[in-house]
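Asks: The structure's right below; bear with me while I get my questions together.
The values are calculated or read from the model by the stated rules, or taken from the named source; none is laboratory data. This is a predicted model, so every value here is computed, not measured. Note: ideal-geometry Cβ built from the backbone for every residue, glycine included; neighbour counts use all protein chains shown. When the accessible area is computed, the model is the full protein with side chains, heavy atoms only, and any ligands, DNA or RNA have been set aside. Shrake-Rupley method; radii C 1.70, N 1.55, O 1.52, S 1.80 Å.
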Amino acid sequence: MKILLINAPREGEVAEFASPNFLSNDFFHMPPLGLLAIAAEVNPLHDLKVFDPVTKNMSIQDVVRYVSDFKPDLLGISVVSRRLYPAITFLCQVKAVLPDMITVAGGPHINDFPMETMQLGSVDYAMTGFCEKSFPMLVETLSEDRSRRPGIENIPGLHYFADGAIQSNPIPSRPIILDDLPFPKRELLDVKDYFSMADQGQMTTILTSRGCPYKCTFCDVQEKDYYYRSTESIVDEFEDILSLGISEIVIFDDTFNMGRKRVIDMCKEILHRGLKVKWSARVRAHPMDREMLKIMKKAGCIRLHCGIESIHPKSLKNMKKKITLAHIKDFFSMCNEFNIDTLAYFILGFPEEDENYRKNFINEIKKLKPTFIEVCVLFPLAQTPMYRELLENGTYKKDYWYEFFKNPVKDWELPPFRQPSLQEELQNIVVTSYKKFYLSPRFIMKDFQRNTTFDNFTRKIKLATGLVFAD
């Protein structure tokens, strides 16, 4: 069987008002770990290819032409909610050219809305849950007999058409430890297509856990159970990544430092094996302590990505972040003490903020001394407690997100929930904050001292030029 796995293109995606375009387009491109993971255990007798049109900035028509030329028997597509329109539009168009091709949809949006997505047409199968094992099962089932599909009802988390209706297979409970899952097959893509402006060399991502039990009101992470991998499995994958010539690893967990002992044990294993590796991780400001940071630094940790969100005490409390301003200040103080870089994420627009907070926002951020920052405007994502509250209190008279999911349209915009003048002010503060931070002599001098690749240097020049002219 000839198999092609792709991401949905960006053309016509949801027009969010959260971040400036120059940031989301140019600051980083992360590899599609989900596609590479489900490809890992597909029988090598099949002709399988992974393709990422996002890195090529391809239009819907570009991707249709590419797939039409490749002529796969089975096309798998990963879908996130903001790219539902390009995903469905692309599938409809490519199905018109290749009507016998089997289409399989998965990814974050499908996990939440499998039935609704299949009802849009052009999707033959929808897969939910962890699909590293179930996708290869589906491939074998369809390669044996497409019409009879023997054993299709035994594939966990699969949605499919039968007897004129959509059938849904249950997902069995999973063990907490995920060591049975394969490593993503990273060699299927060109690693040079992926980068982060914060990294100095060739990078890739890794997942050491899945899910986050915290209940922040703005966050759309739906997996509230926490699954993790053993330290041996994690460091085995580190070694596998290093063997590919990749020098920097970003641990892309929702919350890496959930378990203190697991973090320390992982670092001890890296040191025991004598690995020379640079790595970073997405963490919470709390829990964090000096002993943990000290061994992380010794084991190769060079940077921590931390969702700070706000430095307004009441906002932190009301968003149910379960961290305080004291935790935040301690986190940056300790990171600076151990010379660990930080990438701090901030959100503007929480209701507790006043004019004085907005006026002093970037100056207060600078006092924390983060190495890099990302700032966005608060945006009501689907499935979040914040969005549900806006529905319940009557700010939104109907469920706009769900209407979009049932009828996706090009460049869809969620209606504003705040005064237009305040929205404009917040977006201006975001751009101004980036300019004051990244175009400051202090940042430029420090960043020039970093060793970096030529490609990343040219990307930084492009990003800086876009920032200078941003308004």
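Asks: Just name the residue that is most open to solvent (accessible area, probe 1.4 Å) out of those in the stretch 454-464 that are over 21 Å from A344 (Cα atoms) and out of contact with any helix residue (DSSP H, G or I) (no Cβ under 9 Å at 6 or more places or on another chain). I'd like the intermediate steps shown before the answer.
Replies: Within the stretch 454-464, the first condition is being over 21 Å from A344 (Cα atoms), and the residues that meet it are 454-455, 457-458, 461-462.
Narrowing the set further to residues that are out of contact with any helix residue (DSSP H, G or I) (no Cβ under 9 Å at 6 or more places or on another chain) leaves 454, 457-458, 461.
Numbers: F454: 155, F457: 83, T458: 58, I461: 84 Å².
Here the residue is F454.
Asks: Here is a further query. Any residue at all in the stretch 182-204 that's of a type in the set (A, V, I, L, M, F, W, C), under 26 Å from G259 (Cα atoms) and open to solvent by less than 20 Å² (accessible area, probe 1.4 Å)?
Replies: Within the stretch 182-204, the subset of a type in the set (A, V, I, L, M, F, W, C) is 183, 188-189, 191, 195, 197-198, 203.
The next check asks that each one be under 26 Å from G259 (Cα atoms); those that pass are 183, 198, 203.
Adding the requirement that they be open to solvent by less than 20 Å² (accessible area, probe 1.4 Å) leaves 198, 203.
Scanning the stretch 182-204 turns up at least one residue that is of a type in the set (A, V, I, L, M, F, W, C), under 26 Å from G259 (Cα atoms) and open to solvent by less than 20 Å² (accessible area, probe 1.4 Å).
Asks: Among the residues of the stretch 104-124, are any over 21 Å from E153 (Cα atoms), under 18 Å from the mean Cα position of the chain (by Cα) and open to solvent by less than 50 Å² (accessible area, probe 1.4 Å)?
Replies: Yes.
Asks: Under 6 Å between Cβ atoms, at least 6 apart or on separate chains: pull out the pairs that start in the stretch 361-377 with a residue that is assigned to a helix (DSSP H, G or I) and end on any residue that is open to solvent by 30 Å² or more (accessible area, probe 1.4 Å).
Replies: I362/K436
Asks: Determine if the stretch 1-20 includes at least one residue that is of a type in the set (D, E) and either free of Cβ contacts under 8 Å to residues at least 60 places away in the same chain or over 30 Å from I429 (Cβ atoms) (or both). Lay out the reasoning, then the answer.
Replies: Going through the stretch 1-20, the residues of a type in the set (D, E) turn out to be 11, 13, 16.
Applying the additional criterion that residues be either free of Cβ contacts under 8 Å to residues at least 60 places away in the same chain or over 30 Å from I429 (Cβ atoms) (or both) yields none.
No, there is no match, as no residue in the stretch 1-20 is of a type in the set (D, E) and either free of Cβ contacts under 8 Å to residues at least 60 places away in the same chain or over 30 Å from I429 (Cβ atoms) (or both).
Asks: Let me ask something else about it. What single numbered condition from (1) more than 23 Å from the chain's Cα centre (by Cα); (2) in a loop (DSSP other than H, G, I, E, B) fails to hold for L390?
Replies: Here L390 meets the rest and fails (2).
To keep it simple, each residue is scored yes or no on (1) in a strand (DSSP E or B); (2) under 25 Å from the mean Cα position of the chain (by Cα); (3) over 19 Å from M266 (Cβ atoms).
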{"position": "L293", "(1), (2), (3)": "no, yes, no"}
{"position": "H305", "(1), (2), (3)": "yes, yes, no"}
{"position": "I308", "(1), (2), (3)": "yes, yes, yes"}
{"position": "I311", "(1), (2), (3)": "no, yes, yes"}
{"position": "K314", "(1), (2), (3)": "no, no, yes"}
{"position": "K320", "(1), (2), (3)": "no, yes, yes"}
{"position": "I323", "(1), (2), (3)": "no, yes, yes"}
{"position": "F332", "(1), (2), (3)": "no, yes, yes"}
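Asks: Additional query: Go through the stretch 38-75 and give me each residue that's touching a helix residue (DSSP H, G or I) at 6+ places or on another chain (Cβ under 7 Å) and at pLDDT below 95.
Replies: Scanning the stretch 38-75 gives a single hit, T55.
Asks: Looking at L275, is it under 17 Å from T204 (Cα atoms), in a strand (DSSP E or B) and either open to solvent by 10 Å² or more (accessible area, probe 1.4 Å) or not β-branched (V, I, T) (or both)?
Replies: Working: under 17 Å from T204 (Cα atoms): yes; in a strand (DSSP E or B): no; either open to solvent by 10 Å² or more (accessible area, probe 1.4 Å) or not β-branched (V, I, T) (or both): yes.
So L275 fails the test.
Asks: Further, regarding this structure: Of all residues in the stretch 416-449 being aromatic (F, W, Y) and assigned to a helix (DSSP H, G or I), which is surrounded by the most Cβ atoms within 10 Å (Cβ to Cβ)? Outline the logic, then answer.
Replies: At the first step, the residues of the stretch 416-449 found to be aromatic (F, W, Y) are 417, 434, 437-438, 443, 448.
Filter again for assigned to a helix (DSSP H, G or I), leaving 434, 437-438, 443, 448.
On the way: Y434: 22, F437: 18, Y438: 18, F443: 16, F448: 10.
So, considering only residues that are aromatic (F, W, Y) and assigned to a helix (DSSP H, G or I), the one surrounded by the most Cβ atoms within 10 Å (Cβ to Cβ) is Y434.
Asks: Residues in the stretch 85-104 that are in contact with a helix residue (DSSP H, G or I) (Cβ under 6 Å, 6 or more places away or on another chain) and within 22 Å of P380 (Cβ to Cβ): how many?
Replies: Result for the stretch 85-104: 1.
Asks: Report every pair of residues separated by at least 6 positions or lying on different chains whose Cβ atoms are under 7 Å apart, first residue within the stretch 160-178 and farther than 18 Å from M137 by Cβ, second of a type in the set (G, A, S).
Replies: Close Cβ pairs satisfying both conditions: I177/S230.
Asks: Can I ask one more? Being modelled with pLDDT under 95, part of a helix (DSSP H, G or I) and under 30 Å from Q423 (Cα atoms), is that true of even one residue in the stretch 25-33?
Replies: Yes: one or more hits.
Asks: Enumerate the pairs (first residue in the stretch 308-324 and within 13 Å of T217 (Cα to Cα); second residue anywhere and small (G, A, S) and in a helix (DSSP H, G or I)) with beta-carbon separation below 9 Å, excluding pairs fewer than 6 apart on the same chain, so at least 6 apart or on different chains.
Replies: Listed by first residue and then by second, the contacts come to E309/S315; K321/S315.
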